[in-house]
């Protein structure tokens, strides 16, 4: 089978995916979730709002794709913010897929990167709530979730704890 490619010849994975981002066989395309376009260029509040919606509906893999697009297309000074949020979303994906170790690693790595963003010199106003993102609340939830998974595993984690909000509704 040949690899999917975009019009410019760059490799793309057009396979359908399930709600947790796992690739499905092409024959199961009808079961797949809507994909985040490879060329998505949402930024700021629009990206935060869409990622929030995806996280709250239990689709952290798809939220990761939105956040990743923002880190790749956004201003360099916001790279740590978007990349860290994307890593937390991947950590949530690992948790939902049953990978406790991967979940803890990515939840912590992502939270640290967001903290790096907050600690940058000459912080502009709004560094704690960029685009309506509730950074302190989101980081506290990520830290708490990582600690609970590390101590007790995934079995006792309520599903709602794996669907954190990113912005204040």
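Read-outs throughout are calculated quantities, based only on the coordinates presented, and are distinct from any laboratory measurement. As the structure is a computational prediction, the values presented were derived from the model and not from experiment. Note that each Cβ is placed from the backbone with ideal geometry, even for glycine, and that neighbours are counted across all protein chains shown.
Quote the FRET efficiency, to the nearest 0.05, computed for residue 155 versus residue 129 with a Förster distance R0 of 25 Å and r equal to the Cβ-Cβ distance. Could the numbers behind the result be given before it?
Details: r = 34 Å, r/R0 = 1.37.
After rounding to 0.05, the efficiency reads 0.15.
Sorted fewest first by neighbouring Cβ atoms within 10 angstrom, 66, 167 come out as 167, 66. Taking the fewest neighbouring Cβ atoms within 10 Å as the starting point, the ordered list for 52, 80, 116 is 116, 80, 52.
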